[in-house]
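**Q** Sharing a structure, written as structure tokens. Questions coming.
Here, each number is a calculation from the coordinates, and none is a lab measurement. All figures in this text were calculated on a predicted structure; none of them were measured in a lab. Here the Cβ positions follow ideal geometry from the backbone for every residue, glycine too, while neighbour counts run over all protein chains shown.
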Amino acid sequence: MTVYLNGEFLPKDQARIAPDDRAFLFADGAYEVLRAYRGHLFRAREHWDRFDYSLKALRIASPANTDFASIASELLKRNNLADAEATVYLQVSRGAAPRKHAFPADATPTVYAFAAPFANPVEKWASGVKVITVPDQRWARCDIKSVSLLPNVLANQQAQEAGAHEAVLVRDGFALEGSLSNFAVVLDGVLHTAPRSNYILPGISRLVALGLCSALDIPVKEFPVAEADLKCAAEAMLFGTTNEVMPVVQINERKVGEGQPGPLTRKLQQAFRDYVGECQRRG
């Protein structure tokens, strides 16, 4: 695998990051993950804008003379993924410096990126998945796509051990989002999802899905979903870079609706797939 590190494309086993890098010592960095559909970076502009937002929120200087779009495209090319399904990961840390909590005065940001093949979860799209609810133990700036993901990791591991696809995080009695995806339910024919705030990540797939809801005349209510109302949901779904629109057919030990993907979820799922195809055709 060829990766990118601080201005160079090189074999992954030759990449070296300083042990004093603040991403390693403090989780002091931000990241982005994009889908590439046969070389087309999906909604790249929104991803770059969110990356810039995260870096500014963390007060990390944007790396000079660094074109993330060009890096992503070159990684796809060098890894023979330009005509394949893939993901691209990019990370920027504050850089290497002696271990002190306050920002170093002269550290240079560390930039790391790689591309990897990706297989669409076709079977799960068809059958739907189980999720569990867990307490949200994250910090109060979930809108920043920070590499500090330990609470998400622990929640997702709990889901895997329970035989579930995802963990839905509950804070103060409200289901907000998943450990690595946004979350929505259908109540009385209306799609409900937590509103943008510092407690959820502004997901790009969420943005696309809500735009498609508008085009499809699917009513949407951006309002926190009470955990107590999950038992009343006729449908549920996840939105995410690797999930796209993923049907949820079970929450904890309770079936959602009839225990199979519902009609509104199917409609939105197909619209998302059609939109991906349209984006590929437009290049």
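**Q** Would you list, by chain and number, the lysines whose Cα falls below 23 Å from the Cα of residue 267, excluding same-chain residues fewer than 8 positions away?
**A** Residue 267 reaches 124, 130, 221, 231, 255.
**Q** Could you tell me which of 62, 37, 169 has its Cα farthest along the dipole of the chain towards the positive end, charges placed at Cβ (Lys, Arg +1; Asp, Glu -1), taken about the Cα centre?
**A** Value computed over the given set: 62.
**Q** Still on this structure, I have one more. Under 13 Å from a point 7 Å along the Cα-to-Cβ line of residue 61: which residues of region 93-120 have their amide N that close?
**A** Flagged as within label range: 94-96, 104-110.
**Q** Setting aside same-chain residues fewer than 8 positions from residue 100, which lysines have a Cα under 17 Å from its Cα?
**A** Within the straight-line cut-off, residue 100 pairs with nothing.
**Q** Over region 83-162, with a single point scatterer placed on each C-alpha, what log10 of the ratio I(q)/I(0) does the Debye formula yield at q = 0.12, 0.25 1/Å?
**A** So the normalised log intensities are -0.62, -1.21.
**Q** Return the FRET efficiency for the residue pair residue 52, residue 232: r is the Cβ-Cβ distance, R0 is 41 Å, and the value is rounded to the nearest 0.05. Intermediate results must be reported in sequence, preceding the final value.
**A** On the way: r = 39 Å, r/R0 = 0.96.
E(calc), rounded to 0.05, equals 0.55.
**Q** Could you name the lysines in cross-link range of residue 145, using Cα to Cα under 19 Å and dropping any fewer than eight places away on the same chain?
**A** Partners within reach: 56.
**Q** Is there a quick way to get the dipole size of the chain? I mean about its Cα centre, with the Cβ of Lys and Arg at +1 and of Asp and Glu at -1; what is the value in debye to the nearest 20?
**A** Numbers: 32 positive and 32 negative charges, 62 e Å.
With only Lys, Arg, Asp and Glu charged at Cβ, the dipole is about 300 debye.
**Q** Pull out a ≥ b ≥ c, the square roots of the eigenvalues of the alpha-carbon gyration tensor of region 1-61, then state rounded if a/c is under 1.5, prolate if not and a/b is larger than b/c, and oblate in the remaining case. Write down the numbers at each step before the final one.
**A** Details: a/c = 2.70, a/b = 1.11, b/c = 2.42.
Oblate.
**Q** Taking the 0 to 90 degree range and rounding to the nearest ten, how far is the long axis of helix 44-57 tilted relative to the main principal axis of the chain, both from C-alpha atoms?
**A** Tilt of helix 44-57: around 70 degrees.
**Q** Right, another one. Please give the contour-minus-distance gain from residue 207 to residue 253: 0.36 nm per residue of separation, less the Cα-Cα distance, rounded to one decimal in nm.
**A** On the way: separation 46, 0.36 × 46 = 16.56 nm, distance 2.95 nm.
Full-extension gain reported as 13.6 nm.
**Q** Right, another one. In terms of the Cα gyration tensor, with a ≥ b ≥ c the square roots of its eigenvalues, is region 53-209 rounded because a/c is under 1.5, prolate because a/b exceeds b/c, or oblate?
**A** Values: a/c = 2.02, a/b = 1.32, b/c = 1.53.
Taking the square roots of the gyration eigenvalues as a ≥ b ≥ c, region 53-209 is oblate.
**Q** Oh, and also: Work out the charge dipole of the chain with +1 on the Cβ of Lys and Arg and -1 on the Cβ of Asp and Glu about the Cα centre, then indicate which of 249, 102, 191 is farthest towards its positive end.
**A** Going by the Cα projections, it comes out as 102.
**Q** D for region 117-260, whole µm²/s, Stokes-Einstein with Kirkwood Rh over alpha-carbon pairs at 4 °C and 1.567 mPa s: what number? Kindly include the intermediate steps, with their values, before the conclusion.
**A** On the way: Rh = 15.1 Å.
Here the translational diffusion coefficient equals 86 µm²/s.
**Q** Another question, if that's okay. Pull up the DSSP beta bridges for region 122-282 and report the antiparallel fraction as a percent, rounded to 5.
**A** Numbers: 23 of 34 bridges.
Bridges in region 122-282 that DSSP calls antiparallel: roughly 70 percent.
**Q** If you don't mind, there's one more thing I want to ask. Would you mind telling me the antiparallel percentage of the DSSP bridges in region 128-192, rounded to 5? Present the calculation step by step, with values, prior to reporting the outcome.
**A** Numbers: 8 of 13 bridges.
Restricted to region 128-192, the bridges split so that about 60 percent are antiparallel.
**Q** Rounded if a/c is under 1.5, else prolate if a/b beats b/c, else oblate: with a ≥ b ≥ c from the C-alpha gyration tensor eigenvalues square-rooted, which is region 1-104? Present the calculation step by step, with values, prior to reporting the outcome.
**A** Values: a/c = 2.59, a/b = 1.51, b/c = 1.72.
The shape class here is oblate.
**Q** Quick one: which residues, 5+ away or cross-chain, put their amide H under 5 Å from the amide H of residue 178? H built at 1.01 Å from N.
**A** Result for residue 178 returns 169, 183.
**Q** Give me Rg/Rg_expected for region 124-201, where Rg uses Cα atoms only and Rg_expected = 2.2 N^0.38 Å with N residues. Each step should come with its number before you reach the end.
**A** Working: Rg = 12.6 Å, N = 78, 2.2 N^0.38 = 11.5 Å.
For region 124-201, the normalised Cα radius of gyration is 1.10.
**Q** Counting only C-alpha contacts under 8 Å and six or more residues apart, can you give the relative contact order of the chain as a whole percent? Each step should come with its number before you reach the end.
**A** Working: 561 pairs, mean separation 49.1, N = 283.
Answer for the chain is 17 percent.
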